[in-house]
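J.: Quick one: the structure is below, questions incoming.
The values are calculated or read from the model by the stated rules, or taken from the named source; none is laboratory data. None of the values given here were measured: they were computed from a predicted structure. Cβ sites come from the backbone with ideal geometry, for glycine too, and all protein chains shown count toward neighbours.
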Amino acid sequence: MRVVIAEDQALLREGLARLFEDAGHEVVATMGDTDGLLGAVGGQDPNLVVVDVRMPPTYTDEGARAAAQLKQTHPDVGVLVLSQHIETTHAITLITFGGFGYLLKDRVLDVDEFLAASARVSKGGSALDPHVVASLMSGRDHDDALAELTDRERQVLELMAQGLTNTGIARHLYLSERTVEAHVRHVLTKLDIPTTEEGNRRVLAVLAHLSATNAH
């Protein structure tokens, strides 16, 4: 995996680079702002770009805006956004793209999980922080479609939104894959999402539904 890292904190930037390199990946560029990010992506042809939400000069949403621009100009490049705090506005804007992840920085401490999420995003998959997913799913009216889900179906939906496959969900919940498949079918049916959706498209459909209704 070829990686570009845009992170203004030098210590975290170098730590991320070392983490990827120790795992056998190639870090082709690092930078402390987003000014040269598009150029680096165009010149280095990475599989994954890791970018902080808040970057110089204003430390507001430079990273999020750069991520959106990257997905529009380089749709095949995976983009993993890191944030210190939950900011669902940016997540809602970006989650409908394939090959996108949004994680809180604390997730980096779980190295194996972080690398797995990075690899998934680089291959066109999704990775949303559980706290971001929970925030998106909260605040919705109790009489909507989500309220029709059982507790187990809601758990399955949250794990789907994080980007886990049926196999991953089965392992996480200690269920058989057949049971998980049944729960997924029920979730998609209750949320009125076509059951023909598979893989990443399925996850993005669920997230799009949640973000659209959450925004009202």
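J.: Would you be able to say whether some residue in the range 93-108 is of a type in the set (D, E), surrounded by fewer than 21 Cβ atoms within 10 Å (Cβ to Cβ) and not in a helix (DSSP H, G or I)?
T.: No, the conditions are met nowhere in the range 93-108.
J.: Looking at the structure I just gave you, is L136 at pLDDT below 85, crowded, with 19+ Cβ neighbours inside 10 Å and among the hydrophobic types (A, V, I, L, M, F, W, C)? Step through it out loud before you land on a result.
T.: Working: at pLDDT below 85: yes; crowded, with 19+ Cβ neighbours inside 10 Å: yes; among the hydrophobic types (A, V, I, L, M, F, W, C): yes.
For L136, the condition - at pLDDT below 85, crowded, with 19+ Cβ neighbours inside 10 Å and among the hydrophobic types (A, V, I, L, M, F, W, C) - is met.
J.: I'd like to verify a number: residues in the range 42-54 that are under 19 Å from the mean Cα position of the chain (by Cα) and not in a loop (DSSP other than H, G, I, E, B), how many? Even if it seems obvious, please write down each step before you answer.
T.: Of the range 42-54, the ones under 19 Å from the mean Cα position of the chain (by Cα) are 46-54.
When the remaining residues are screened for being not in a loop (DSSP other than H, G, I, E, B), the result is 48-52.
The number of residues fulfilling the criteria is 5.
J.: For the range 166-183, does any single residue satisfy the condition of being of a type in the set (A, V, I, L, M), at pLDDT below 90, assigned to a helix (DSSP H, G or I) and out of contact with any Lys or Arg (no Cβ under 7 Å at 6 or more places or on another chain)?
T.: No, the range 166-183 has no match at all.
J.: Identify the residue in the range 55-86 that is crowded, with 18+ Cβ neighbours inside 10 Å and in a loop (DSSP other than H, G, I, E, B) and, among all such residues, is modelled with the highest pLDDT.
T.: Checked the range 55-86; the qualifying residue modelled with the highest pLDDT is V77.
J.: Ok, one more. Quick one: is T89 hydroxyl-bearing (S, T, Y), assigned to a helix (DSSP H, G or I) and free of Cβ contacts under 8 Å to residues at least 60 places away in the same chain?
T.: Working: hydroxyl-bearing (S, T, Y): yes; assigned to a helix (DSSP H, G or I): yes; free of Cβ contacts under 8 Å to residues at least 60 places away in the same chain: yes.
Considered against the rule, which asks whether it is hydroxyl-bearing (S, T, Y), assigned to a helix (DSSP H, G or I) and free of Cβ contacts under 8 Å to residues at least 60 places away in the same chain, T89 comes out as yes.
Every residue, every condition in (1) assigned to a helix (DSSP H, G or I); (2) modelled with pLDDT under 85; (3) touching a helix residue (DSSP H, G or I) at 6+ places or on another chain (Cβ under 9 Å); (4) more than 12 Å from L80 (Cβ to Cβ), yes or no:
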residue: A119; (1), (2), (3), (4): yes, no, no, no
residue: V132; (1), (2), (3), (4): yes, yes, yes, yes
residue: D143; (1), (2), (3), (4): no, yes, no, yes
residue: Q155; (1), (2), (3), (4): yes, no, yes, yes
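J.: For the range 166-180, how many residues meet the condition of being within 22 Å of the chain's Cα centre (by Cα) and either surrounded by fewer than 18 Cβ atoms within 10 Å (Cβ to Cβ) or in the same structural domain as V121 (by TED's automatic domain parsing) (or both)? Outline the logic, then answer.
T.: First pass over the range 166-180, keeping only residues within 22 Å of the chain's Cα centre (by Cα): 166-173, 180.
Those left that are additionally either surrounded by fewer than 18 Cβ atoms within 10 Å (Cβ to Cβ) or in the same structural domain as V121 (by TED's automatic domain parsing) (or both): 167-168, 171-173.
Qualifying residue count, the range 166-180: 5.
J.: Could you list, in sequence order, the residues of the range 14-34 that are crowded, with 18+ Cβ neighbours inside 10 Å and free of Cβ contacts under 8 Å to residues at least 24 places away in the same chain?
T.: A17
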